[in-house]
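Chemist: The structure under discussion is supplied below as structure tokens; questions concerning it will follow.
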Amino acid sequence: MASTQRKILNIFAFRRIIIPVVIGLGVIVYMILRDINRGNLSGITWSWNAGFYFFCSLLMLVLRDAGYIYRIRLLTDKMLSWRKSFQVIMLWEFASSVTPSVVGGSAFAIFILAKEKLGAGRSTAIVIVTALLDEFFYLIMLPLVFILAGIDRLAIASNQIHVLGYTVGTMGIFYVGYAFISLLALLLSYGVFINPAGFGWILEKLTNIPFLKRFKRDARMMGNQVIETSAELKDKHFKYWAKAFGATFVSWTARFWLVNFLIMAFAGPIGWADNLLVYARQLMMWVIMLISPTPGGSGIAEYFFPIFLREFIKGPQGDLSTIVALFWRLMTYYPYLILGAFILPLWLRRVYLGRKLIRFRKTH
């Protein structure tokens, strides 16, 4: 037990937490020095309308986490109390904040749920289901919002990136990321809901390819996890899935609309057409953040925010996209680093020391 605690604490050691903070703030400071002048800042005027929109952005933050907390409690069949559900979600967000976005906090989430006496199989099933629900939301909402916002208005101009002899723009990265998410959701859905054994067979064949052989062990483990997930979910009824997707919809909608309200707090109200376009641009930006190699997308998120949304954050005071990006990250990223650092020791004390005390009392 002690060695496991040490491993977990090492993952969230101070040096790991400080890295994304330095990267993110470093990029923001550079962009502020480059883009913002005294005239821009002095042009910011606060009014009751601005205060209202800022309050709405804080409300979206609360709704985002409330949806996640309700969903994890639902997926565990209410085996977790509201307090435990809150701790699990905050630690999950904490893990996602200090690990590269391409890795995410899923492995740690399985560990957390298993320590909440849910069992390894069920914990794995819950994490896979949350990933599927998130991907379903994205795959459903993206084309819908794109059509409503106007597909002809989505393209953005950005610098070209040269990778392995290929030239790729921001839109190219988005298309590749969306294709990857679609393929992943399709394969997981096939494995969980249709043919778990067949999913494992596909992974086995794929890892027979020479340059993928080193992933064979992980592929077999994932195949087994999908089989366990399918068994866990086979008796779930429509009402269960409706509630789970409803909570997912609330969380992700609030996540994106937080930015809409934050933009209106600084730049003033914008029409519904532009609000939908801001929403659509965020859906595009999220793909790029998802494949970021930096912890929690730090640096990448701050850099791409103005690229996608600068045109909506202009007014008499000039371009304030960098300042809005800073407030966005201060609200949606850094709080989880702070909360996680406080909650992690309390959680470890509860799941480890608490059980030791129970065993001690039973033996005496």
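Chemist: Before we move on, is F256 surrounded by 20 or more Cβ atoms within 10 Å (Cβ to Cβ) and within 12 Å of the chain's Cα centre (by Cα)?
Modeler: Considered against the rule, which asks whether it is surrounded by 20 or more Cβ atoms within 10 Å (Cβ to Cβ) and within 12 Å of the chain's Cα centre (by Cα), F256 comes out as yes.
Chemist: Mind checking which residues of segment 213-229 are within 14 Å of V127 (Cα to Cα) and under 24 Å from the mean Cα position of the chain (by Cα)?
Modeler: Result: M222, Q225, V226, T229.
Chemist: I want to confirm something. Restricting to segment 214-256 and keeping residues that are touching an Asp or Glu at 6+ places or on another chain (Cβ under 8 Å) and not small (G, A, S), which single residue is modelled with the lowest pLDDT?
Modeler: Per the stated criteria, the residue is K216.
Chemist: Could I ask something else about it? Yes or no: segment 37-50 includes at least one residue that is at pLDDT 60 or above, surrounded by 21 or more Cβ atoms within 10 Å (Cβ to Cβ) and part of a helix (DSSP H, G or I).
Modeler: Taking every residue of segment 37-50 in turn, none turns out to be at pLDDT 60 or above, surrounded by 21 or more Cβ atoms within 10 Å (Cβ to Cβ) and part of a helix (DSSP H, G or I).
Chemist: If a residue must be among the aliphatic types (A, V, I, L, M) and either under 10 Å from R64 (Cα atoms) or not in a helix (DSSP H, G or I) (or both), how many such residues does segment 246-288 contain?
Modeler: 5
Chemist: Please verify whether F111 is in contact with a Leu (Cβ under 8 Å, 6 or more places away or on another chain) and in contact (Cβ under 8 Å) with a residue 24 or more places away in the chain, treating the condition exactly as stated.
Modeler: No; evaluated as a whole, the condition is false for this residue.
To keep it simple, each residue is scored yes or no on (1) within 20 Å of T229 (Cα to Cα); (2) at pLDDT 90 or above; (3) not in a helix (DSSP H, G or I).
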position	(1), (2), (3)
F86	no, yes, no
F94	no, no, no
S97	no, no, no
V102	no, no, yes
I110	yes, no, no
V127	yes, no, no
F136	yes, yes, no
M141	no, yes, no
A155	no, no, yes
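Chemist: Give R310, R329 a once-over and let me know the one that is among the basic types (K, R) and within 25 Å of V62 (Cβ to Cβ).
Modeler: Every option except R329 fails the conditions.
Chemist: So, G121, is that one at pLDDT below 85 and either more than 19 Å from L233 (Cβ to Cβ) or exposed (fewer than 12 other Cβ atoms within 10 Å of the Cβ) (or both) or not?
Modeler: In short, no.
Chemist: Here is a further query. Which pairs turn up if I take residues in segment 191-209 that are outside any helix (DSSP H, G or I) and look for partners that are surrounded by 13 or more Cβ atoms within 10 Å (Cβ to Cβ) with beta carbon separation below 7 Å, at least 6 apart in sequence or on another chain?
Modeler: Cβ pairs passing all conditions: T207/F215; T207/K216; T207/A219.
Chemist: Among the residues of segment 225-240, is there at least one that is in a helix (DSSP H, G or I), of a type outside the set (V, I, T), loosely packed, with under 13 Cβ neighbours inside 10 Å and free of Cβ contacts under 8 Å to residues at least 60 places away in the same chain?
Modeler: Among the residues of segment 225-240, at least one is in a helix (DSSP H, G or I), of a type outside the set (V, I, T), loosely packed, with under 13 Cβ neighbours inside 10 Å and free of Cβ contacts under 8 Å to residues at least 60 places away in the same chain, which makes the answer yes.
Chemist: Which condition breaks for P269 when tested against (1) farther than 21 Å from R329 by Cβ; (2) modelled with pLDDT of 90 or more?
Modeler: Failing condition for P269: (2).
Chemist: Now for a separate question. Given the criterion surrounded by 18 or more Cβ atoms within 10 Å (Cβ to Cβ) and touching a residue at least 12 places away in the same chain (Cβ under 8 Å), identify the matching residue among A273, A341, A280.
Modeler: From the options A273, A341, A280, the qualifying one is A280.
The values are calculated or read from the model by the stated rules, or taken from the named source; none is laboratory data. Not measured: the values here are computed from a predicted model. Glycine gets a Cβ as well: all are built from the backbone with ideal geometry, and neighbour counts include every protein chain shown.
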